[in-house]
Amino acid sequence: MPIYALGDRTPTIHPDAFVHPDAVVIGDVRIGAESSIWPGAVLRGDYGTIIVGERTSIQDGAVVHAVAEFPTIVGDDCVVGHLAHLEGCIIHDRALVGSGSVVLHQANVFSGATVAAGAVVRNRTDVPPGALAVGVPAQIREGASIEEAITSGAESYVANARWYKKDLRQL
């Protein structure tokens with residue numbers, strides 16, 4: 001699987017995490033227990049640090065990058081959807097970033113919040129706890145997130161990763 005050190009920047013991947021063989025992890029990337037990195041995802045910690053907490057999924061085709069000034073941090077029990085782009089932002093515990101969305105520098109997606117599919121959360125934008133960010137640029141809808149969907153999504157990807165670790169084989 002393509003996991004690379006870059007100079008003295010070396011990934012740290014918990015033994016209970018799952019990194020698909022077609023994902024790419026480069027540099028200062030830290031991945032917590034029971035988290036999963038899916039096919040085509042790229043986590044590039046060349047200029048800055050990327051931290052992925054525990055029980056978090058970074059799904060197919062997602063791009064996670066950081067710059068020296070702004071690490072990218074994804075908390076515990078998060079769901080980052082297919083083709084999402086995170087850069088220099090903080091996704092707090094139990095948050096969801098929908099497929100095809102973008103979350104940029106110094107943005108905060110707080111616990112229980114959802115970034116809708118295709119939304120763009122601009123620099124220095126806060127998505128409050130339990131809120132939904134929707135549109136381009138994202139507009140905030142207080143209290144519109146469905147926290148149970150985040151929890152069940154995170155749990156299903158933990159189970160999915162266990163299955164893949166056990167039964168995935170190349171033909």
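The values are calculated or read from the model by the stated rules, or taken from the named source; none is laboratory data. This structure is a prediction, so every number in the text was calculated from the model and none was measured. Using ideal geometry, Cβ is built from the backbone for each residue, glycine included, and neighbour counts are taken over all protein chains shown.
Filtering the stretch 73-97 to residues that are within 9 Å of the chain's Cα centre (by Cα) and crowded, with 24+ Cβ neighbours inside 10 Å leaves Val74, Cys78, Val79, Val80, Ala84, Leu86, Ile91, Leu96, Val97.
Hey, could you check the stretch 22-47 for residues that are touching a Gly at 6+ places or on another chain (Cβ under 7 Å) and in a strand (DSSP E or B) and say which is nearest to Thr151 (Cα to Cα)? Result: Val29. Candidates are the residues of the stretch 28-38 that are without any contact (Cβ under 8 Å) to a residue 40 or more places away in the chain and surrounded by fewer than 22 Cβ atoms within 10 Å (Cβ to Cβ); the one that is nearest to the chain's Cα centre (by Cα) is Arg30. Selection of the stretch 109-157 for residues being among the polar types (S, T, N, Q) and without any contact (Cβ under 8 Å) to a residue 40 or more places away in the chain yields Ser111, Thr114, Asn123, Thr125, Gln139, Ser152, Ser156.
Can you name the strands (runs of 3 or more DSSP E) wholly within the stretch 71-171 that have at least 2 residues being within 20 Å of Glu34 (Cα to Cα) and at pLDDT 95 or above? Break it down into steps so the answer makes sense when it comes.
Details: elements: 72-74, 85-87, 132-134, 139-141.
Output list reads 72-74.
If a residue must be among the small types (Gly, Ala, Ser) and either at pLDDT below 95 or touching a Cys at 6+ places or on another chain (Cβ under 9 Å) (or both), how many such residues does the stretch 42-65 contain? If you could, list the steps in order and put the result at the bottom.
To start, the set of residues in the stretch 42-65 that are among the small types (Gly, Ala, Ser) comprises 45, 48, 53, 57, 61-62.
So of that shortlist, the ones also either at pLDDT below 95 or touching a Cys at 6+ places or on another chain (Cβ under 9 Å) (or both) come out as 53, 57.
Total meeting the criteria: 2.
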